[in-house]
Amino acid sequence: MTLDWIFFDCFNTLIDDFDQTGEELALLPVYSLPAEVGLYTSAAEFRQHYHAWRNRQWQSEHREIEMGDRYQAVLQEKVPSMSLAELGKITTEMVARFQACYQQSLRLPDGVKDMLEFWHGRVRLGVVSNFYIQGWPTELLESFGLRSYFDFVVDSAACGWRKPGPHIYELACDVAKVSPVDRHKILFVGDHLLNDVLAPQELGMQGLFFDRSQVRPTYAPSKEGVNCITEWNQFRADFCIN
């Protein structure tokens, strides 16, 4: 296998979030605010509505919608008569709470720094991440001392497109100056089978699934025939893509 580049997903690949099971309990103060102001009966009711809205968006298109706009759209759907000024006040506070709570839930998976240290200088490295606050993948990689390993970071909020749509991958290839005929020299690595393996493969890249099911019980394990690892210490120069 000849590699020129490795493109990594960011969250739950290079940086873990929420608790070990993947539950979003850290975001309870965010989801509680709409209930505190009387729009929902509970944080759980808002969370259910938000997830249903988000899933509809994910199924319909691949444009990224930033966090504040997401919350505003959900609240408008719940209370169409609410003024934009009042919506803006609530969503601004929700985003502020999210930023504080989310950062507290973050940590590095075991072995990630050693893995990056190994590959840095052997091939070139980039990050292609879905996230709904512009620049946050870069900022959080910097805060954990990982940003210097990468030539670039492409995030969906900044470019306007999210995985698994083709635009964000094509943008990353353009940034890396990799032509379509050379995309087989890119290995995409991440914890989401569609976003980080199957969709990149459709565009000519190679894919490696970072199977987190052993540490996150709610995550589905790798499927038969999919190249995968379960720990970063398995990913070294003798690793082979079939």
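For the reader, a short list of remarks on this structure follows.
- The modelled label-to-label distance between T2 and L198, using points 7 Å beyond Cα along the C-beta direction, is 3.0 nm.
- Taking label positions 7 Å along the Cα-Cβ direction at both T218 and E86, the computed distance is 3.2 nm, reported to one decimal.
- Most simply put, the chain has about 10% antiparallel DSSP beta bridges, counting only bridges with both residues inside it.
- Rounded, prolate or oblate (a/c below 1.5 giving rounded, otherwise prolate when a/b exceeds b/c) for the range 25-104 by Cα gyration tensor: rounded
- Phi to ³J(HN,Hα) by Karplus 6.51 cos²θ - 1.76 cosθ + 1.60 over the range 192-197, Hz, x for Gly, Pro: 10, 4, 6, 5, 10, 10
- The relative contact order of the range 25-104 comes to 42 percent, based on Cα pairs under 8 Å that sit 6 or more residues apart.
- What the Cβ-Cβ distance of L28 and S143 gives, at R0 = 30 Å and to the nearest 0.05, is a FRET efficiency of 0.85.
- Simple spin-label estimate for N227 and D110 in nanometres, 7 Å along Cα-Cβ: 2.5 nm
- Listed values for the range 78-95 are Karplus-derived 3J(HN,Hα) couplings in whole Hz (6.51 cos²θ - 1.76 cosθ + 1.60, θ = phi - 60°), namely 6, 10, x, 7, 5, 5, 4, 5, 5, 4, x, 5, 5, 5, 4, 5, 5, 5, and x replaces Gly and Pro.
- Long-range HN-HN contacts of F188 with modeled amide H, under 5 Å: F7, Q206, G207, L208
- Helix-only arithmetic for the chain: the sum of -39500 (n - 2.57) across DSSP H runs with n ≥ 4, divided by the residue total, places the mean residue ellipticity at 222 nm at -11500 deg cm²/dmol.
- When you filter the trypsin sites (Lys or Arg not before Pro) in the range 191-242 for DSSP loop state and at most 13 other Cβ atoms inside 10 Å of their Cβ, you are left with K223, R236.
- Most tightly packed first, judged by the mean number of other beta-carbon atoms within 10 Å of their residues, the peptides 7-15, 134-142 read 7-15, 134-142.
- Whole-Hz couplings from phi, Karplus 6.51/-1.76/1.60, listed for the range 110-122; x for Gly and Pro: 4, x, 5, 5, 4, 5, 5, 4, 5, 7, 4, x, 7
- Across the chain, Cα pairs under 8 Å and at least six residues apart give a relative contact order of 26 percent.
Each reported figure results from applying straightforward, stated rules to the coordinates on display, with no laboratory input. Here the structure is a predicted model, which means the values were calculated and not measured. A quick note on method: Cβ atoms are made from the backbone with ideal geometry, for glycine too, and the neighbour counts reach across all protein chains shown.
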